[in-house]
Amino acid sequence: MIQEAAERSRERLGVERLDLLYAHIDDHTVPQRETVEAFAELVAEGTVGLLGVSNQAVWRVERARALAAAAGLPGYEVLQYQHSHLRPRTDIPDGLFPDGSLGHAGPELRGYLRAEPGLTLVAYSPLLKGAYVRTDRPLPPDYDHPGTPARLAVLREVAREAGASVNQVVLAWQLGGQLPIVPLAGASSVAQLEENWPPPTWS
Ligand SMILES: NC(=O)c1ccc[n+]([C@@H]2O[C@H](COP(=O)([O-])OP(=O)(O)OC[C@H]3O[C@@H](n4cnc5c(N)ncnc54)[C@H](OP(=O)(O)O)[C@@H]3O)[C@@H](O)[C@H]2O)c1
């Protein structure tokens, strides 16, 4: 199934080799060893470069990496999780995550990354889909807690002092922070891209 999905991705992208392939969401019904071996096979045959993982519990990521290491196989190196300046509550259950969201780069994941400097955090939705700058894009309900106004106030103050937009500050803090983060920022126009891109001196 992983072979098939990777092949379909290569076809859609029109490439011989996927530079990076993510395991997205976890399927606890499949033995992890099988998944690890199937991903490693793709790397061995040369159709995939790096392996990544998204929205999985940290203990599952570590277990998969340990299984790969013990078998001398390549493991996940790129971790894609939601991360921004504002911090969401992660205790709200939903259909996908009955114990609360596993898709956010919370303290456990950040601690894991600090302990494993070879890993890379790719932050999805770093601009909260435009919510920092748009009144038509309200923050999701999991940001409704007392930490949000405090963090927003600091962000806006720093942006004012720096003569930058809040989006630029959010991205610059990710790129230049103690824990280096690759922001996976979206833009649907050149104007948005130009407005958001932090100057190189910030990183
Ligand atoms: N692993 C996962 O589960 C997962 C989940 C979500 C996303 N992702 C990945 O992350 C990528 C980025 O996600 P995202 O789009 O949520 O990222 P984002 O950077 O938080 O939001 C980008 C969106 O914000 C709005 N925006 C950006 N700059 C703006 C500006 N200066 N002024 C006004 N509006 C602005 C635009 O919305 P409009 O286009 O509506 O104008 C833009 O498309 C996606 O392409 C996807 O590959 C992964």
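The values are calculated or read from the model by the stated rules, or taken from the named source; none is laboratory data. These figures come from a predicted structure and were not determined experimentally. Protein only, heavy atoms only, side chains kept; ligands, DNA and RNA dropped before computing areas. Shrake-Rupley method; radii C 1.70, N 1.55, O 1.52, S 1.80 Å.
Leaving out ligands and nucleic acids, note down the accessible area per residue over the chain with a 1.4 angstrom probe, in whole Å². Each step should come with its number before you reach the end.
Values: 11710 Å² over 203 residues.
In whole numbers, the chain has 58 Å² accessible per residue.
Connecting C-alpha atoms closer than 10 Å in a GNM of the chain, tell me which of H83, H24, H104 has the biggest fluctuation.
H24
Give me the percent of accessible area attributable to carbon and sulfur for the stretch 97-203, probe 1.4 angstrom.
The C+S portion of the solvent-accessible surface of the stretch 97-203 is 58 percent.
Only bridges whose two residues both fall in the chain count here: according to DSSP, what percent of them are antiparallel, nearest 5?
Bridges in the chain that DSSP calls antiparallel: roughly 0 percent.
Please give the contour-minus-distance gain from L184 to V15: 0.36 nm per residue of separation, less the Cα-Cα distance, rounded to one decimal in nm.
Computed gain between L184 and V15 is 58.7 nm.
When the chain is modelled as a GNM with alpha-carbon springs shorter than 10 Å, which of R33, R134, R65 fluctuates the most?
So, out of R33, R134, R65, the one fluctuating most is R134.
One-quarter of the Cα convex hull surface for the stretch 1-92, in nm²?
Mean shadow area of the hull around the Cα atoms is 7.2 nm².
Which residue, T90, T148, T135, tops the fluctuation ranking in a GNM of the chain built on C-alpha contacts under 10 Å?
T135
For helix 2-13, what angle does its Cα long axis make with the longest principal axis of the chain, in degrees from 0 to 90 and rounded to 10?
50
Need one number: the % of Cα-Cα pairs in the chain sitting beyond the 22 Å mark.
Working: 11314 of 20503 pairs.
Distances greater than 22 Å cover 55 percent of the Cα pairs.
Any idea how far the Cα center of the stretch 3-35 sits from the one of the stretch 75-107, in Å?
Their Cα centres are 21 Å away from one another.
Stretched out fully, how many nm does the piece from L139 to A71 gain, at 0.36 nm a residue minus the Cα gap? If you can, show how the numbers build up before the last one.
On the way: separation 68, 0.36 × 68 = 24.48 nm, distance 4.36 nm.
Between L139 and A71, full extension yields an extra 20.1 nm.
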